Amino acid sequence: MNAGKYIKNIFVGIYRLCQGMYITMLNFCRPKITEQYPENRGKKIYGERFRGLLTMPHDSENHHKCIACGICMNNCPNGTIKVITRMEKDETTGRDRKVLDRYIYNLGSCIFCGLCTRSCPQQAIEWSNNFEHSVFDPGKLIKQLNREGSSLAPKKTE
Ligand code: SF4
Ligand code: SF4
């Protein structure tokens, strides 16, 4: 290596070092964005599409929108959902119809792919933001999403 090239490399090295230090100082002076979890639990804002826990919303009369079609269960890639049905007499038609008995969801095996919510024709299931699911007993990760005594919301008559 000749002397000229050697000196040039020294200056290039110093320039690169200054570039690195500039970025370091820039970040040093920026406001800190460390999340103080769990202290900030009440103030945290989550993205609308955040998938924390699958839920089945119920209205004030304990009605849900699930028609027990089983599409979500069939689309789930790893058997996380079990739609257990029973037959019930329809009061208006007098015929037997299939209704939801228990909607079982295993949080422990869910990969949060969202295929279930996307394929539900009724929008009967949705995601909540809750992500705090630590338990000592894995059995507690298996949840029943429909509430006790709940039933399908009656069709609205205009
Ligand atoms: S998010 Fe995916 S893995 Fe989880 S229950 Fe729905 S379909 Fe199954
Ligand atoms: S949650 Fe939706 S897709 Fe799943 S059984 Fe109920 S209505 Fe069908």
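Gln36 - would you say it is more than 19 Å from the chain's Cα centre (by Cα) and under 24 Å from His133 (Cβ atoms)?
Values: more than 19 Å from the chain's Cα centre (by Cα): yes; under 24 Å from His133 (Cβ atoms): yes.
Answer is yes for this residue.
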Select from the stretch 113-131 the residues that are within 11 Å of ligand 1 (Cβ to nearest atom), surrounded by 16 or more Cβ atoms within 10 Å (Cβ to Cβ) and part of a loop (DSSP other than H, G, I, E, B) and list them in ascending order. Cys120, Ile125
Here are the criteria: (1) closer than 30 Å to Gly42 by Cα; (2) not in a loop (DSSP other than H, G, I, E, B). Tell me which single one Met87 does not satisfy. (1)
All but one of (1) part of a loop (DSSP other than H, G, I, E, B); (2) more than 16 Å from ligand 1 (Cβ to nearest atom) hold for Cys66; which doesn't? (2)
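For the stretch 136-153, which residues satisfy the criterion of being surrounded by 10 or more Cβ atoms within 10 Å (Cβ to Cβ) and modelled with pLDDT of 95 or more?
Lys140, Leu141, Ile142, Lys143, Gln144, Leu145, Asn146, Arg147
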As an exercise: evaluate Arg97 against (1) assigned to a helix (DSSP H, G or I); (2) under 21 Å from Cys120 (Cβ atoms) and give the number of the one condition it does not meet. (1)
Could you check how many residues of the stretch 40-83 are modelled with pLDDT under 95, in contact with a Phe, Trp or Tyr (Cβ under 9 Å, 6 or more places away or on another chain) and farther than 20 Å from Ser109 by Cβ? 3
Show the residue pairs meeting these rules: Cβ distance below 7 Å; 6+ apart or different chains; first residue within the stretch 99-125 and under 17 Å from Asp59 (Cβ atoms) and among the small types (Gly, Ala, Ser); second residue assigned to a strand (DSSP E or B) and within 11 Å of ligand 2 (Cβ to nearest atom). Ala124/His64
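The values are calculated or read from the model by the stated rules, or taken from the named source; none is laboratory data. Here the structure is a predicted model, which means the values were calculated and not measured. We place every Cβ from the backbone using ideal geometry, glycine too, and count neighbours over all the protein chains shown.
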